[in-house]
1. Do we have any residue at all in segment 172-189 that's outside the structural domain of residue 221 (by TED's automatic domain parsing), under 29 Å from residue 213 (Cβ atoms), part of a loop (DSSP other than H, G, I, E, B) and open to solvent by less than 30 Å² (accessible area, probe 1.4 Å)?
2. Look through segment 144-158, keep the residues that are within 16 Å of ligand 2 (Cβ to nearest atom) and part of a helix (DSSP H, G or I), and return whichever of them is farthest from residue 9 (Cα to Cα).
3. When segment 54-68 is examined, which residues are found to be within 23 Å of residue 34 (Cβ to Cβ) and open to solvent by 10 Å² or more (accessible area, probe 1.4 Å)?
4. Of the residues that sit in segment 112-139 and are in a strand (DSSP E or B) and open to solvent by 60 Å² or more (accessible area, probe 1.4 Å), which one is farthest from ligand 1 (Cβ to nearest atom)?
5. When segment 89-111 is examined, which residues are found to be farther than 16 Å from residue 51 by Cα and in a loop (DSSP other than H, G, I, E, B)?
6. Take segment 60-91 and flag every residue that is within 15 Å of ligand 2 (Cβ to nearest atom) and either at pLDDT below 95 or among the hydrophobic types (A, V, I, L, M, F, W, C) (or both).
7. Any residue in segment 53-82 that is in contact (Cβ under 8 Å) with a residue 12 or more places away in the chain sitting within a Cβ distance under 9 Å of a residue that is open to solvent by 20 Å² or more (accessible area, probe 1.4 Å) and of a type in the set (Ser, Thr, Tyr)? List the pairs, counting only those 6 or more apart or interchain.
8. Which of the residues belonging to segment 21-69 are over 16 Å from residue 98 (Cβ atoms) and within 16 Å of ligand 1 (Cβ to nearest atom)?
Amino acid sequence: MTQAEDKKTVLKADDPFQFACHHDLPCFTQCCRDVNIYLTPYDVLRLRKALGLGSTEFLQRHTRHFLAKITHIPVVQLAMDEQTLRCHFVGDAGCTVYDHRPWACRMFPLDLADRDDEYSLLAGKERCFGLREGARWTVAQWLETQEVEPYVVMERAFQALMPPNFQPGQPLEPGLGKLLFLAYDLDRFAAMVDDPKWTRLYQIDPERLQRAREDDEEMLRLAFHYIRSQMAELLEVL
Ligand code: SF4
Ligand code: SF4
């Protein structure tokens, strides 16, 4: 099969593929160089916690982020080193943030296909020598071993915040994009939550607030809740 055919193959959960990534392969860590890795809010949360950084500092030091020109949707990409083009987190022995690596890195060599529950191979055997190895997996087994599930759950919750009539490629109000960006920069959201005027105004359940202060994942869910309510208000006045 050619690389082009490989890339087009659509795989479902029970479909098999062969893959093993290890240190003795000539391509080892090459896929962590000069690559576009789009981060989700949950990726940012996991990475910056692993690095002991706040969200604002992490976003400044390790990402390129902006609102997309037409849609105004937040785009957050993992930054590559300007000289070597390598990911900031790759070392000689592989990924130095392996337990907290982003969703896209966990999925590799798989990628999401156009339809729900369908996947494709992102790389070909010419580039990713691991695809020539003998270890066999079904897609479902691979996703389970890579612990992808919490990333999927959080991203579904984030995507559910999009306005109901939103179509990819269609413009969104810049104000909505900035609101969505709060999910990436939880430090800013946490500072809002700490303002007593804000808490009175939004009437957040004090127990929920306390849980959010103690647990970043709860804080992210609270940010989703806030964004959803604000989005509804903004859409009413637009
Ligand atoms: S290209 Fe494939 S086999 Fe090589 S290091 Fe990356 S994931 Fe592993
Ligand atoms: S986060 Fe880890 S796996 Fe992902 S590109 Fe960087 S070094 Fe590679």
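The values are calculated or read from the model by the stated rules, or taken from the named source; none is laboratory data. Small disclaimer: the values here were computed from a predicted structure and weren't measured. Positions of Cβ are generated from backbone atoms using ideal geometry, with glycine treated the same way; all protein chains shown enter the neighbour counts. All accessible areas refer to the heavy atoms of the entire protein, side chains included, with ligands and DNA or RNA removed. Shrake-Rupley method; radii C 1.70, N 1.55, O 1.52, S 1.80 Å.
1. No, that holds for no residue.
2. 151
3. Scanning segment 54-68 gives 60, 61, 62, 63, 64, 65, 66, 68.
4. Here the answer is 112.
5. Scanning segment 89-111 gives 92, 93, 108, 109.
6. 76, 78, 79, 80, 85, 87, 89, 90
7. 75/38; 76/38; 77/38; 78/38
8. Result: 24, 25, 26, 27, 30, 33, 34, 35, 36.
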